[in-house]
1. For region 103-112, in order, what is each residue's ³J(HN,Hα) by Karplus, 6.51 cos²θ - 1.76 cosθ + 1.60 with θ = phi - 60°, in whole Hz (x at glycine and Pro)?
2. What do you get for chymotrypsin sites (Phe, Trp or Tyr not before Pro) in region 122-184 restricted to DSSP loop and a cutoff of at most 16 other Cβ within 10 Å of the site's Cβ?
3. Where the only charges are on Cβ atoms (+1 Lys, Arg; -1 Asp, Glu), what is the dipole of the chain about its Cα centre, to the nearest 20 debye?
4. Counting only DSSP beta bridges with both residues in region 126-282, what percent are antiparallel, rounded to the nearest 5?
5. Once phi is turned into θ = phi - 60°, what whole-Hz ³J(HN,Hα) does the Karplus curve with 6.51, -1.76 and 1.60 give for every residue of region 222-230, x standing for Gly and Pro?
6. Using only the alpha-carbon atoms of region 171-228, report the extent along each of the three principal axes, biggest first, to the nearest angstrom.
7. Write down, largest first, the equivalent ellipsoid semi-axes of region 70-111 in whole Å, where each equals the square root of 5 times an eigenvalue of the alpha-carbon gyration tensor.
8. Regarding region 1-118, what is the average projected area of its C-alpha convex hull, in nm²?
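Each reported figure results from applying straightforward, stated rules to the coordinates on display, with no laboratory input. What you see is a predicted model, and the numbers here were worked out from it, not measured in a lab. Using ideal geometry, Cβ is built from the backbone for each residue, glycine included, and neighbour counts are taken over all protein chains shown.
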Amino acid sequence: MKNVVLLSGKAVPALGQGTWNMGEDPTYRAHEVAALQLGMDLGMTLIDTAEMYADGASEEVVGEAIAGRRELAFLVSKVYPHNATRAGVVAACERSLKRLKVEQIDLYLLHWRGSVPLEETLAGFAALREAGKIGAYGVSNFDLADMREARALPGGADIAVNQVLYNLAKRGIEWDLLPWSQQQQVPLMAYSPLESNPHEQRAMLENRSLQTVARRHGATPAQIALAWLLRQDGVIVIPKAANPDHIRQNRAALDIALSPEDLADLDQGYPLPRRNSPLAMR
């Protein structure tokens, strides 16, 4: 399994598992738990969730999936912006810990920037880390200006990860955020690597250039889209999958080596950004 090294020196899997929409229907609970466990068996031990997902039920699914194998999992969860005051972030984390049935969240993120001053959130994160409730902290949906501002604050130098929307069809971060993050050695965690909206996903995966490269490798378009992200330094990819075949295909994407010809074809189908643009968000 390819790893990405955090600022702390901790190595985490470059390919993990997302849990958006998991926990919303109790009838699928056992199926979702089994899916996450299969992914872990295949080495995708980084699992991303959030208090927002299914109003906390996603965290409960994750907690059930890692029961008896906590030491194998690298847990990522996220706090709502309106809960991210100095005291609020501590209380929110305690609730997440209870739902996950663990004593520590490995990486705790601010889900997106809200009205609470970043100084307050960072102070809450630092208190949680000092208490052993979290191992590290970071942010999500921060553009370059946000990152520079946050990194200049007390505790900002310890921001371990920025989770952002990034895939072949949404390459805007390559203009400035991605190169800056790589230079600063702050990994990016790519969510919705295969898109989440069905229409957008269909448009991305049916692109002729992507399908040409997929045929060349005897792979699916989704596997090529994941391999394209996984080839990059300092990028963690968290596709969500509940179908066992899709989970195995996601894992196999790690073994695909894209050639310069492949990359040129993909650049033609999904052009590089030509200007700065607002950060894409789901």
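1. Whole-Hz 3J(HN,Hα) from phi for region 103-112: 9, 8, 9, 5, 9, 10, 10, 6, 4, 7.
2. Here the sparse-neighbourhood loop sites are Trp175.
3. 160
4. 10
5. So the J values, rounded to whole Hz, are 4, 5, 5, 4, 6, 4, 4, 6, 5.
6. 36, 25, 16
7. Square roots of five times the eigenvalues give 19, 11, 7 Å.
8. Average of the hull's projected areas for region 1-118 equals 7.4 nm².
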